[in-house]
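Student: Provided herewith is a single structure, encoded as structure tokens, for subsequent inquiry.
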Amino acid sequence: MVKVLNNNTFSQFVNLTAVKSMTKPYVMTLANTGEFMGSKRLIQDQDVFKKTLDPNQQNSDVLNEGVRSTEEAQFICCNKECGVNFTRKIFLVDDSLRNISEANGCPICALRIRGEKKHQNFMDKHGSFENKHPNIAAEWDVVKNDLSPSEVSAGGGRHNDIWWVCKKCKHSWQAAPRGRVRGSGCPKCARKNSAYARCSESIRSDELLLKEYDEESNGPLSDLEKMMRERIYWHCSLNENHKLWLATTRDRLEKGSRCPACAKSSSSSIQVAVFNFLKNKFPEFKPSFERKLGKYSLDIYLDKIDFAIEIDGYPWHDKPEAIKRDGEKSLMCSERGILLLRLRDVRLNNSLESPYKTTVEIQNRMRCLKMACKMLMDNLQHSHSSYSRVKKAHDEILIDEKDVQDLVRHHSIPTGYSLEEIHPWVKKYWAKSNKSSPSDFRPNSNVIVNWKCPIDGREYPLSIANRVRNYVCKENWHKFQNSPHKEEIKKWIRDVTKNAQVPKKWLR
């Protein structure tokens with residue numbers, strides 16, 4: 001039986017024969033159309049196709065078009081979550097219906113479904129974010145996020161605005177999951193960690209602070225989670241019997257705060273700083289420490305120019321007896337022609353009369369040093385040999401705060417006033433069991449340390465002030481007292497060139 005070809009079908013057959021030498025995809029496209037040899041598929045015969053058509057068509061004869069037509073038509077996505085209107089060539093919609101049937105010809109849904117399938121394939125191969133990174137997923141904010149970590153790929157995908165809740169501080173922030181995988185964390189904790197590291201490094205780099213850091217109360221320094229302004233525990237490196245005290249690392253570095261028990265029996269850090277500054281910069285003024293003035297003493301006195309400085313700290317100078325004493329000191333200085341500078345704490349009553357009284361933040365060493373230089377400049381002739389140096393010190397004074405700190409270290413012992421400098425012989429009898437050295441104390445200190453007895457070398461505890469006045473331990477006192485060579489023994493003990501052990505021939 002011979003089948004008759006109409007003109008259209010014949011033309012398609014001729015065209016097919018003509019393009020046999022072309023690429024395979026083109027041949028396959030024509031072959032798959034089914035629109036030759038009398039088998040054209042019309043839209044009106046395709047129910048799936050018809051339901052995607054927009055009723056408001058520009059081409060009223062669209063139903064008579066073949067599904068492989070290159071004409072454009074109007075469509076509506078029949079997926080409930082989409083419903084978009086779009087204009088597209090008919091054969092492209094047919095391709096979409098056959099390749100991604102769930103998209104119902106909609107190009108937007110096709111892209112979405114293709115992406116979902118790709119995502120699911122990736123998830124099947126590599127796992128979800130929740131399974132791959134359970135520790136990070138534990139900080140996923142389930143309230144603010146529409147997605148769950150089980151719906152995100154292990155690498156984090158392309159999500160940029162996922163909400164997280166910090167396990168430590170409960171801070172909420174947004175970040176891309178891939179960024180979390182690479183190591184980013186809570187920004188608030190990051191700032192804190194930076195501050196914690198700065199505090200720990202400050203303690204570690206300071207010999208005295210490192211020695212007095214109390215690990216038992218604070219924990220290991222490497223695990224310390226405190227900022228510079230937060231108080232931590234310290235122990236006294238000079239006397240283990242002194243109680244722990246609380247202080248901020250900033251105060252210890254910038255204000256020179258120290259063991260309260262030691263502070264009671266020694267000078268203030270600002271007093272030592274001012275004295276050391278004047279002694280180092282202007283030795284020609286012959287500064288002295290705690291110069292006697294009748295029944296009182298002046299904190300700092302420049303003998304060459306009759307210039308005195310009093311450090312009035314709070315709360316010690318806020319008591320009635322202290323106010324009376326300070327007033328009498330000012331009067332005595334005025335009567336004797338001594339120019340007095342009072343550096344008074346801002347919290348003190350300022351009724352005291354003094355020509356150079358000034359109110360300062362008493363722990364601001366730079367301010368106090370500038371005031372001392374200012375007074376010198378005001379009272380020295382411009383022709384004075386030291387005037388230009390004083391002015392330079394005032395203008396350029398210790399720009400680096402570290403220079404200020406260097407003026408007062410190791411419990412505020414002013415230069416030339418330590419036990420070791422005044423009584424060098426004590427080094428012979430200073431026991432090795434002591435954590436400190438004679439340079440850390442003044443001769444009148446009441447701190448109890450261990451000593452070696454000059455008679456038999458035994459160790460015994462005694463306050464520094466008592467040891468300076470005495471010679472031997474309590475157990476050997478009678479031997480010392482009854483010896484016919486008592487005076488020779490005294491000289492031997494005080495002589496730095498002699499051995500620590502007293503000659504046995506001098507003892508009964």
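Student: Assuming a ≥ b ≥ c are the square roots of the Cα gyration tensor eigenvalues, decide whether segment 133-239 counts as rounded (a/c under 1.5), prolate (otherwise, with a/b larger than b/c) or oblate.
Tutor: prolate
Student: Once you put a point 7 Å from the Cα of ILE323 and another 7 Å from the Cα of ARG336, both along the Cβ direction, what distance in nm separates them?
Tutor: About 2.5 nm separates the two model spin labels.
Student: Further, regarding this structure: If the limit is 25 Å between Cα atoms, which of LYS304/LYS392; LYS295/LYS392; LYS304/LYS490; LYS304/LYS374; LYS211/LYS490 go over it?
Tutor: Going by Cα-Cα distance, LYS295/LYS392; LYS304/LYS490; LYS211/LYS490 fall outside the 25 Å limit.
Student: Continuing with the same structure: Say each of LYS80 and SER483 gets a label point 7 Å from the Cα, pointing the same way as Cα to Cβ; how far apart are those two points in nm?
Tutor: 10.9 nm
Student: How long is the gain from SER433 to ARG347 if the chain were fully straight, where each residue apart is worth 0.36 nm and the alpha carbon distance is subtracted?
Tutor: 26.7 nm
Student: While we're looking at this one, here's another question. Hey, any idea what Rg/Rh is for segment 212-332, computing Rh the Kirkwood way over Cα pairs?
Tutor: Expressed as Rg/Rh, it is 1.08.
Student: Right, another one. Which value in nm describes the separation of the simple spin-label points at HIS126 and ALA195, placed 7 Å from the Cα toward the beta carbon?
Tutor: Inter-label distance under the simple model: 3.8 nm.
Student: While we're here: Which part of segment 124-163 falls in the paramagnetic zone of ALA176, meaning amide N under 13 Å from the point 7 Å along Cα-to-beta-carbon?
Tutor: Residues 155-162 qualify, since their backbone N sits under 13 Å from the label point.
Student: Moving on to the next point. Can you return the aspartates and glutamates within cross-link range of LYS243? Criterion is Cα-Cα under 20 Å, with same-chain partners fewer than 8 residues away left out.
Tutor: Partners within reach: GLU212, ASP214, GLU215, GLU216, GLU230, ASP251, ASP440.
Student: Determine the alpha carbon to alpha carbon distance for each of LYS132/LYS167; LYS279/LYS428; LYS452/LYS504 and list only those over 24 Å.
Tutor: LYS279/LYS428
Student: Which of rounded, prolate or oblate describes segment 128-185 when judged by the alpha-carbon gyration tensor and an a/c cut-off of 1.5?
Tutor: In terms of gyration-tensor shape, rounded.
Student: Now a separate question. Compute the label zone of GLU151 within segment 52-89: residues whose backbone N is under 18 Å from the point 7 Å along Cα-to-Cβ.
Tutor: 80-82
Student: Rg and Dmax of segment 207-263 over Cα atoms: what are they, in angstrom?
Tutor: 10.6, 30
Student: Determine, from the Cβ-Cβ distance of LEU42 and SER184 and an R0 of 60 Å, the FRET efficiency 1/(1 + (r/R0)^6), rounded to the nearest 0.05. Could you put the intermediate results ahead of the total?
Tutor: Numbers: r = 59 Å, r/R0 = 0.98.
Result of the calculation: an efficiency of 0.55.
Student: Among the listed pairs LYS435/LYS491; LYS286/LYS427; LYS281/LYS391; LYS170/LYS226; LYS435/LYS486; LYS255/LYS286, which are separated by more than 20 Å between their Cα atoms?
Tutor: Too far apart for the 20 Å limit: LYS435/LYS491; LYS286/LYS427; LYS435/LYS486; LYS255/LYS286.
Student: Let me ask another. Under the Kirkwood approximation for Rh and a Cα-based Rg, what ratio Rg/Rh is obtained for segment 465-508?
Tutor: 0.93
Student: If you don't mind, another one. Using only Cα atoms, locate the centre of segment 448-508 and the centre of segment 115-173, then give the distance between them in Å, rounded to an integer.
Tutor: With segment 448-508 and segment 115-173 each reduced to a Cα centre, they are spaced 78 Å.
Student: Report the local net charge at LYS304: Lys and Arg +1, Asp and Glu -1, summed over other residues whose C-beta lies under 12 Å from its C-beta.
Tutor: Values: positive: LYS286; negative: GLU284, ASP303, ASP306.
In short, -2.
Student: Give, as ranges by residue number, the residues of segment 432-448 whose backbone N falls under 16 Å from the point 7 Å along Cα→Cβ of GLU421.
Tutor: Inside the label zone: 437-445.
Coordinate-derived values only; no laboratory data. Quick caveat, the model's predicted, so the values are computed rather than measured. As a convention, Cβ positions derive from the backbone with ideal geometry for all residues, glycine included, and neighbour counts pool all protein chains shown.
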